[in-house]
Amino acid sequence: MLRPYFQASIAGLEALFEQHWDDTGLLAVLLDELGQRKTPKAVSLKNRVVERLAAKKAEVGASNVDPPSPKGPRLPELPLDTTMSTAHDVPPDSSVNSNRAAEDHGPGTAPKREV
């Protein structure tokens with residue numbers, strides 16, 4: 001596996017942990033890096049990362065088991081408008097082109113442009 005924090009100091013890794021303690025993806029990468037290090041500070045930080053990841057996993061598990069109920073009254077659903085028809089009337093002075101779009105040929109319209 002690549003080690004993006006190979007050259008980072010333990011102080012830099014601690015700062016990353018403090019700044020991104022809620023980012024499980026970054027914590028997993030940090031855990032991989034700390035697994036390669038054997039200094040007491042690295043082992044201590046690794047234990048903190050493991051604890052944080054376990055806490056995040058428990059938070060996610062708890063939210064999946066018993067979803068919170070919505071706050072406040074439920075908003076009513078809007079009724080469907082059944083008055084609109086799917087058939088569109090074409091005015092008598094119009095025609096329908098090959099794209100099934102109405103073209104108006106009535107008085108006062110702009111001339112048709114050729115493309």
For segment 18-64, what is Rg from Cα atoms divided by 2.2 N^0.38 Å, rounded to two decimals? 1.19
Full extension from Ala62 to Leu2: what is 0.36 nm times the residue separation minus their Cα-Cα distance, to one decimal in nm? 18.3 nm
Separation of the Lys41 and Thr24 label points, Cα + 7 Å toward Cβ, nm: 3.0
Once Leu31 and Ser9 are pulled to full extension, the length gained, defined as 0.36 nm per residue separation minus their Cα-Cα distance, is 6.5 nm
Please sort by residue number the trypsin sites (Lys or Arg not before Pro) in segment 1-52 whose DSSP state is loop and whose Cβ has at most 12 other Cβ atoms within 10 Å. Lys38
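Read the figures in this text as sums done on the coordinates, not as results from a lab. Here the structure is a predicted model, which is why all the values come from computation and not from measurement. Please note: Cβ atoms are built from the backbone with ideal geometry, for glycine as well, and neighbour counts cover all protein chains shown.
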